[in-house]
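Student: Here it is, the structure in full.
The values are calculated or read from the model by the stated rules, or taken from the named source; none is laboratory data. This one's a predicted model, so the numbers in the text were calculated from it and none came from an experiment. For neighbour counting, all protein chains shown are included, and Cβ atoms are generated from backbone atoms with ideal geometry for every residue, glycine included. Calculation scope for accessible area: heavy atoms of the full protein, side chains included, ligands and nucleic acids excluded. Shrake-Rupley method; radii C 1.70, N 1.55, O 1.52, S 1.80 Å.
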Amino acid sequence: MVGAAEEARLNRLESQVDNGGGGAWEYLCLVQKLGARRSEKVLKHGLSILNDPRARSRLGVEEWTLYEQVAIAALDCQQIDVAKECIAALSMKFPGSIRVGKLEGMLLEAKEAWADAEKAYARLLEDSPLDQVILKRKVAMAKAQGNPAAAVEYLNKYLEIFMADHDAWRELAEIYVNLQMYKQAAYCYEELILCQPIVPLYHLAYADVLYTMGGLENIQTAKKYYASTVNLTGGKNTRALYGLCLCGVVIGQLTKGRNKDEKAESPDMSSLAAKALLKDYKERSPEKLSLVTTMMKNMKLIS
Amino acid sequence: MGIGVFVGVLGGLLLAHAAYSTVQYRGMLKIMEEEFSGPPPNVIIELLLGLALCAIAGLAVPEKFHSILPYSEENRVVSLPANLDFMIFNHRGRALPFDPELKLKT
């Protein structure tokens with residue numbers, strides 16, 4: 001999970017490193033720790049460390065994790081040659097390691113040699129049939145080949161064994177959303193909320209899925225989850241505030257003409273959200289304030 | 001930071017000394033063939049002082065404490081890590097030009 005302070009630190013270090021202010025190793029460590037995908041920059045700065053024998057020897061054993069990080073970044077940037085050299089260095093140091101074997105498989109994947117990659121992974125799985133990383137690579141490979149149905153199948157099999165892996169649940173949810181299978185995606189997000197109840201982004205994603213499914217009941221639930229996102233983020237999440245506004249409007253439309261007591265509390269929360277949004281825009285982006293104000297007026301959330 | 005570490009080391013030394021004096025005291029009691037009912041008062045004072053110093057060091061050395069509120073500004077979750085275990089390589093980024101100068105020199 002990336003916190004606000006950590007994100008600010010990452011951005012600060014990134015601009016420092018880009019402007020030649022040093023701290024490349026610190027930056028690479030932070031990227032690794034936060035799981036950020038900044039392949040281009042990792043490749044550039046990682047290679048500058050690896051090509052400098054003095055800087056490289058200063059890292060000690062960390063040198064090999066840097067080789068791994070750079071190899072993956074190079075694959076992501078389609079720099080197959082660089083990746084190949086890094087992996088060759090690693091396999092010379094650690095012959096027969098599964099972790100290096102995974103990198104070799106990924107190299108084949110990047111070259112789109114699917115059959116070879118499949119064979120490489122199958123060979124690794126013979127030795128350790130429950131290796132999580134390799135099983136996840138198989139899912140990714142199915143996804144890369146444009147076969148989400150197979151990816152879903154693999155992931156479901158994987159999750160039967162490793163039920164507590166929230167990254168896998170998130171991936172499954174995202175694939176289901178891509179396939180427009182919202183009911184299944186909602187189930188995955190429920191699982192994620194159970195697993196990590198204080199991560200607001202899962203509440204937000206769950207609410208988004210419910211809102212997309214539509215229907216009065218779903219939208220009422222979605223509104224509750226948008227509200228809990230607002231609660232968990234201290235009102236700093238713009239998307240959740242917009243979600244509250246839209247839910248309020250849709251519920252108003254759906255219950256129009258029905259009994260009046262249901263309507264009593266709902267416009268209240270969405271107009272509060274609208275006010276919070278306007279305040280936020282006033283502070284952070286005053287030039288767009290008039291646009292938002294007209295939109296809110298059209299939705300009859302503010303007068 | 002420097003003072004905190006110094007206080008911590010001092011507290012640790014005091015605790016070690018208290019242990020040493022207790023062992024000595026018990027040895028003395030054995031010679032005098034008396035029952036051990038409790039540590040002598042100077043050891044107790046030493047223990048309390050050592051505890052206080054260690055507690056001060058424990059609060060002073062790590063410097064800033066993190067907030068435990070999930071929505072406080074410092075540890076508010078703003079994004080999730082990119083799911084790198086599932087990363088795929090045939091994405092649209094491959095259409096971008098990359099610097100051919102980037103090479104691993106061995």
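Student: Output the number of residues of segment A:101-121 satisfying the condition of being open to solvent by 50 Å² or more (accessible area, probe 1.4 Å) and over 21 Å from B:ARG92 (Cβ atoms).
Tutor: So the answer is 5.
Student: Hey, A:ALA89 hits all of (1) open to solvent by 20 Å² or more (accessible area, probe 1.4 Å); (2) more than 9 Å from chain B (Cβ to nearest Cβ) but one; which does it fall short on?
Tutor: Of the numbered conditions (1) open to solvent by 20 Å² or more (accessible area, probe 1.4 Å); (2) more than 9 Å from chain B (Cβ to nearest Cβ), the odd one out for A:ALA89 is (2).
Student: Using the structure shown, decide if A:ALA36 is open to solvent by less than 30 Å² (accessible area, probe 1.4 Å), within 11 Å of chain B (Cβ to nearest Cβ) and over 18 Å from B:LEU80 (Cβ atoms).
Tutor: no
Student: Would you say A:VAL42 is within 18 Å of B:PHE89 (Cβ to Cβ) and buried (at least 17 other Cβ atoms within 10 Å of the Cβ)?
Tutor: Spelling it out, A:VAL42 is indeed within 18 Å of B:PHE89 (Cβ to Cβ) and buried (at least 17 other Cβ atoms within 10 Å of the Cβ).
Student: Moving on. Tally time: how many residues in segment A:209-259 are part of a helix (DSSP H, G or I), of a type outside the set (A, V, I, L, M, F, W, C), within 14 Å of chain B (Cβ to nearest Cβ) and free of Cβ contacts under 8 Å to residues at least 40 places away in the same chain?
Tutor: Selection size over segment A:209-259: 5.
Student: Considering only segment A:284-300, state which residues are closer than 18 Å to A:MET269 by Cα, assigned to a helix (DSSP H, G or I) and open to solvent by less than 100 Å² (accessible area, probe 1.4 Å).
Tutor: A:VAL292, A:THR293, A:MET295, A:MET296, listed by residue number.
Student: Here is a list: A:ILE134, A:ILE98. Which entry is among the β-branched types (Val, Ile, Thr), more than 16 Å from B:LEU84 (Cα to Cα) and either at pLDDT 90 or above or surrounded by 14 or more Cβ atoms within 10 Å (Cβ to Cβ) (or both)?
Tutor: On inspection, the qualifying residue turns out to be A:ILE98.
Student: Something else about it: For segment B:65-106, how many residues are farther than 30 Å from A:ALA110 by Cβ, of a type in the set (A, V, I, L, M) and open to solvent by 50 Å² or more (accessible area, probe 1.4 Å)?
Tutor: Of the residues in segment B:65-106, 2 are farther than 30 Å from A:ALA110 by Cβ, of a type in the set (A, V, I, L, M) and open to solvent by 50 Å² or more (accessible area, probe 1.4 Å).
Student: Could you count how many residues in segment B:30-58 are open to solvent by 80 Å² or more (accessible area, probe 1.4 Å), of a type in the set (A, V, I, L, M) and touching a helix residue (DSSP H, G or I) at 6+ places or on another chain (Cβ under 8 Å)?
Tutor: Residues in segment B:30-58 being open to solvent by 80 Å² or more (accessible area, probe 1.4 Å), of a type in the set (A, V, I, L, M) and touching a helix residue (DSSP H, G or I) at 6+ places or on another chain (Cβ under 8 Å): 3 in total.
Student: Then there is this: Please pick out the residue among A:TYR187, A:TYR281 that is under 24 Å from the mean Cα position of the chain (by Cα), in a helix (DSSP H, G or I) and either free of Cβ contacts under 8 Å to residues at least 24 places away in the same chain or surrounded by fewer than 22 Cβ atoms within 10 Å (Cβ to Cβ) (or both).
Tutor: A:TYR187
Student: Across segment B:58-106, which residue is nearest to the other protein chains (Cβ to nearest Cβ) among those that are of a type in the set (Gly, Ala, Ser) and assigned to a loop (DSSP other than H, G, I, E, B)?
Tutor: Here the residue is B:ALA82.
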